[in-house]
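The values are calculated or read from the model by the stated rules, or taken from the named source; none is laboratory data. Keep in mind the model is a prediction, meaning the values are calculated, not measured. We place every Cβ from the backbone using ideal geometry, glycine too, and count neighbours over all the protein chains shown. Surface areas here come from the heavy atoms of the whole protein model, side chains and all, with no ligands, DNA or RNA. Shrake-Rupley method; radii C 1.70, N 1.55, O 1.52, S 1.80 Å.
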Number of protein chains: 2
Amino acid sequence: MKTLIVHAHPEPRSLNGSLKDLAVSTLEGAGHEVRVSDLYAMNWKAVVDAEDYGPHASRPLRVARDSGRAFDAGTLTPDVRAEQEKLLWADTVILQFPLWWYSMPAILKGWVDRVFTYHFAYGVGEHSDTHYGDRFGEGTLAGRRALLSVTAGGPESHYAARGINGPIDDLLFPIQHGILYYPGLEVLPPFVVYGTDRVTDEAYPDIAKAWQQRLLTLESTEPIAFRRQNAGDYEIPSLQLKEGLEPAGRTGFGLHVRG
Amino acid sequence: MKTLIVHAHPEPRSLNGSLKDLAVSTLEGAGHEVRVSDLYAMNWKAVVDAEDYGPHASRPLRVARDSGRAFDAGTLTPDVRAEQEKLLWADTVILQFPLWWYSMPAILKGWVDRVFTYHFAYGVGEHSDTHYGDRFGEGTLAGRRALLSVTAGGPESHYAARGINGPIDDLLFPIQHGILYYPGLEVLPPFVVYGTDRVTDEAYPDIAKAWQQRLLTLESTEPIAFRRQNAGDYEIPSLQLKEGLEPAGRTGFGLHVRG
């Protein structure tokens, strides 16, 4: 495997930092190639602005169109081009981050906002009566896999089916489906460590062991069975799921998972 | 009313910029006080790091604990203290932003990550057998109201109950419930403009009229009926919704809305 780890925590000696380091050593120890984008160490620019598009930044700025023009011309900033190249190099992408306010830290959202440009991650492929762009299962990153490795402060029960935060699968759906599956990545079930406000040194070995087991079985892990957009399950162009495809009673984000 | 508008778009002459300007003129025209945090214009620092906590940044950095110590001591950075003061001044908070990758732009997520510190927005109140902190309906910002004003590139059908993106209410739940309701804000139904990739000059007057109507009825609009954490609906400390409280068949995020 060729794995890109995108890491988003300000403290190297944090649980997230340890999980990132363990992923590097475990994967390299198993003979895989690993590259790391350590966003804090890189002082990653988190904010989309006109500087990202150089001569292709129009006035007024139009983020989608201008980013696509700069992508087409090869004039995106070097930091963004380097991340796009890493994504194309990798066959496996791991995002390592703490769940802050039920989503990713701003620095990681800014990696998505800036790297996932028009014509690279969206605005790809033909639009016709049967095909609404190459997305949700097709696209630039098709054939690759992704995995979230997430730490959550609260206990697991708060993220359960009836937990007050909402189910973890639903909280991660906008990332797993909306960000990763959209440009074609197949998404493996997430690795989530709960209760990290209270993780003790004694608890770490079990966490590390579970993480290593996930890392060493990435190639045999079944991805989440998200529905492909252009394979017949959706009306086009309304992109509503056709009636009767889902198990009785299923609603919401779960509609977009098969079976 | 005293309204704080937090605005997150890089282009003043964008639809988001126009909606922000219209909110200011409409509310001021109706005799209300308005303050604006225009995050791009302020060159808002989006990324949490040790600099945020000054002398209270420990080594290794511990974001929650250190932010709470700096909050308690009044030594958070001036930009963060100013935003906290604005939130305490306001009785109504509007977040104006484009939906980028199914969530907020990084600059706005960074406003949340930095301003919503421990002891200000979380880690507030007693923890006991019947009360798991002041949150989800209680907290520092209780008694105030919030509203999302969001633009979405895709058409409304893609965000409908069976739409491929997932229902808009579910996409916004981590923000409306997880970020706004958590520290006590009551959340009004969002104002969403769809299909903004194709908004024409001809379409704008209808959008503006609808937005003005929402703005001028903020005080009489019923908030989303999120369940209060400590009012008896949840087991404590597991914070699972007690059985039988929801309408038959309701699951997921919808469990946490009454009725």
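What the Cα atoms of region B:203-256 give is an Rg and a Dmax of 17.5, 50 Å.
Mind listing, in residue-number order, the residues in region B:217-259 that have at least 50 Å² less accessible area with every protein chain present than in their own chain alone (1.4 Å probe)? With the partner chains in place, region B:217-259 has these residues losing at least 50 Å²: B:Gln240, B:Phe253. Pairs from the list A:Lys20/A:Lys86; A:Lys86/B:Lys20; A:Lys209/B:Lys109 with a Cα-Cα gap above 27 Å: A:Lys86/B:Lys20; A:Lys209/B:Lys109. Sites listed here are GluC sites (Glu not before Pro) in region A:152-228 whose DSSP assignment is loop and whose Cβ has at most 12 other Cβ atoms within 10 Å: A:Glu202. Accessible area per residue was computed with a 1.4 Å probe on protein heavy atoms; B:Arg65 scores about 90 Å². Ranked from shortest, the separations from the 7 Å Cα-to-Cβ label point of B:Thr221 to its equivalents in the other copies are 4.1 nm.
Highest GNM mean-square fluctuation among A:Ala142, A:Ala57, A:Ala161, for chain A modelled with Cα contacts below 10 Å: A:Ala161. Each copy carries a label point for B:Glu85 at 7 Å from Cα along the beta-carbon vector; from one copy to the others these points are 4.7 nm apart, nearest first. If the Kirkwood radius is taken over C-alpha pairs of region A:58-158, then at 4 °C and 1.567 mPa s the Stokes-Einstein diffusion coefficient equals 83 µm²/s.
In nanometres and ascending order, the distances from the A:His131 label point to those of the other copies are 6.1 (point 7 Å from Cα along Cα→Cβ).
Tally Lys and Arg at +1 and Asp and Glu at -1 over the other residues with C-beta under 12 Å from the C-beta of B:Ala82: what net charge comes out? Please report the intermediate quantities before stating the final value.
Working: positive: B:Arg35, B:Arg81, B:Lys86, B:Arg114; negative: B:Asp79, B:Glu83, B:Glu85.
For residues surrounding B:Ala82, the net value is +1.
Share of antiparallel DSSP beta bridges in region B:2-224, in percent to the nearest 5? Of all bridge pairs located within region B:2-224, approximately 10 percent are antiparallel.
With a 1.4 Å probe and every protein chain kept in, tell me what percent of the accessible surface of chain B is carbon plus sulfur. Spell out each step's value before the answer.
Details: 4980 of 10130 Å².
Accessible surface attributable to carbon and sulfur in chain B totals 49 percent.
When the P(r) is computed for the protein assembly as shown, the part past 42 Å accounts for 14% of the Cα-Cα pairs. Amide H contacts of B:Ala146: B:Val93, B:Glu186, B:Val187, B:Leu188, each under 5 Å away and 5 or more positions distant or on a separate chain (H built 1.01 Å from N in the peptide plane; Pro and chain starts excluded).
Chain A packed on chain B takes about 5200 Å² of accessible surface away from a 1.4 Å probe, both sides summed.
Using bins of 10 Å that start at zero, the share of Cα-Cα pairs per bin across region A:2-224 amounts to 8, 31, 36, 19, 6, 0, in whole %.
Using the alpha-carbon positions of region A:146-233, Rg (one decimal) and Dmax (whole number) come out as 14.8, 50 Å.
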